[in-house]
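Read through the structure below, which is laid out as structure tokens, and then see the notes.
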Amino acid sequence: MKARRFEEMTLPHLNAAYNLARWLTHSDQDAQDIVQEAYLRAFKFFDGFRGEEARAWLLAIVRNTAYTWLRQNRESVSHVPFDEEFGDLNEVSSATLFHQPDNNPAAILARNDDKRLLDQALAQLPVEFREVLVLRELENFSYKEISEIAGIPIGTVMSRLARGRRLLQACLERMNLGVT
Amino acid sequence: MDCKRTLELLPAYVDQELGLPEVKELDDHLQTCPACHSAFVSQTTLRAAIKQRATYFQAPIDLESRIRAALPKETDAQPGRAKQGPRYWGSWNWMNVGPVLASLVALIWSAGLYLATPSPNQRLAEEVVSSHVRSMMVNHIADIASSDQHTVKPWFNGKLDFSPIVNDLSTQGFPLIGGRLDYLDHRSVAALVYRHRLHLINVYIWPAAKERQTAIQTASIQGYHLVHWSEEGMRYWLISDLDPQDLMALARILQAQAQRVPG
């Protein structure tokens, strides 16, 4: 009874679980292992699940499983010094970048046929920005749901999304300069 | 609202996460400030680009079956049963005779009830009559009122796990009035509504569980006439206060179109 109810509630969200794990780890095999482990963990905790949104509940477990995995396998990942990586990018310069019409992402993507450009830019973002963008833009979660999944305050969700978008924008611009 | 505050709130504005008063203030500012407006356009297009271009990774097809296999099985969830140890029929004591007799009586009683239960078709016919009467009574004949089959058919998409054949039959004297979701035989079914002169006809359609093909059968209950059959794996039940011959004519038309378009 429990197993069947669990499968009915969680298996419809398998793609969402896999997509998140895949974006967090960049690896198909690791994502599969993480999702499978997350489902087993979720099953153990299922008695405590009181029927809120099953997708958000499941993805919180997938996310934690993925982070545990990242910590064990890639020590450096947890705290990438993104300010160094994107060194010269500060609030002022990014604000001005937004104001230059030729540098907006639509224009960049229109000039560049390569569909992978955006994937590459998103993949280069530090994981804490990548995850909020994936949850927001690919899964359409609200700020509140993202804050529950990622275990951060709503204000942080908002600032990470803003910062993540600025970094993505800057990254697209740099890649574009490299291409032309 | 000034530019600094606007740029701070812009991400939440773009994400539609702002409260109404702030949305109003921001709207006003964006209309008057070209710089902030271009920042707004820029963020909106970036959002659209991520949504459209970023890859959504689909889970490999075998992942689901592997997860199902790894989950504990139903029987594992009842460890209590195994601990009781074996029981032998021979070792029963006479204290159990009472309960055994009682359950025997209950068994015979329920078998009698079972045999007295009306046949599935009889029960279904009564369900169909109730549903038809209800749809007339509460003036809720159609959820989607349209004589256009291209409006009615797509309306069912996503509401049902099958796609019923929907055709306007005005030329044959049965104009389509609309469609509705209904519940019969323990499942959601499509209800199409046709009209013939002043009579309304409910046509219920749903996938057949077993019989792919059965001949047309008729019944009359409480002054309503019913016609039902199965065709190409779908069950059809028609009901109306219409003259039985006219109802049969509609049945023939529907049967013919189901044979033309399999499934």
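Computed from the coordinates by the stated procedures, all read-outs in this text should not be read as laboratory data. These figures come from a predicted structure and were not determined experimentally. Backbone-built Cβ (ideal geometry, glycine too); neighbour counts: all protein chains shown.
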**Item:** Convex hull (Cα only) mean projected area of segment B:115-263, reported in nm² to one decimal
**Value:** 8.8
**Cysteines (scope chain B) whose Cβ has no counterpart Cys Cβ under 4.7 Å** = B:Cys3
**Item:** Length released on extending from B:Gln245 to B:Leu181, taking residue separation times 0.36 nm less the Cα-Cα span
**Value:** 20.4 nm
**Prompt:** Where in segment B:190-224 does the label zone of B:Gln149 land, with the point 7 angstrom along Cα→C-beta and an amide N cut-off under 18 Å?
**Reply:** B:190-196, B:201-206
**Fill in**
Taking every other residue with Cβ under 13 Å from the Cβ of A:Gly164 and scoring Lys and Arg +1, Asp and Glu -1, one gets +3
**Asked** For the pair B:Ser188 and A:Asp28, what calculated FRET efficiency results from E = 1/(1 + (r/R0)^6), where r is the Cβ-Cβ distance and R0 = 35 Å, to the nearest 0.05?
**Response** 0.40
**Request:** Would you please state which residues of segment B:1-16 a label at B:Glu25 would reach in this model, taking the label point 7 Å out along Cα→Cβ and a backbone N cut-off of under 17 Å?
**Result:** B:1-14, B:16
**Complete:** In units of 2.2 N^0.38 Å, the Cα radius of gyration of chain B is 1.66
**Asked** When the Cα atoms of segment B:1-75 are enclosed in a convex hull and the volume is divided per residue, what value in Å³ results?
**Response** 138
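At most 13 other Cβ atoms within 10 Å plus a DSSP loop assignment makes a site exposed; report the longest stretch of chain B without any exposed trypsin sites (Lys or Arg not before Pro).
In chain B, the maximal stretch lacking such sites is B:1-72.
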**Message:** Just checking the output field for A:140-153: average partner chain Cβ neighbours within 10 Å of each residue's Cβ?
**Reply:** 1
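All other residues with a Cβ under 14 Å from the Cβ of B:Pro164 taken together, and with Lys, Arg as +1 and Asp, Glu as -1, what is their net charge?
Here the count lands on -1.
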**Fill in**
Filtering GluC sites (Glu not before Pro) in segment B:161-263 by DSSP loop and by at most 11 other Cβ atoms within 10 Å leaves B:Glu211
**Message:** Using a Förster radius of 30 Å, what is the FRET efficiency between B:Ala215 and B:Ser163 based on their Cβ-Cβ separation? Nearest 0.05, please.
**Reply:** 0.75
**Complete:** Plugging the Cβ-Cβ distance of A:Asp47 and A:Asn140 into 1/(1 + (r/R0)^6) at R0 = 35 Å yields, to the nearest 0.05, a FRET efficiency of 0.75
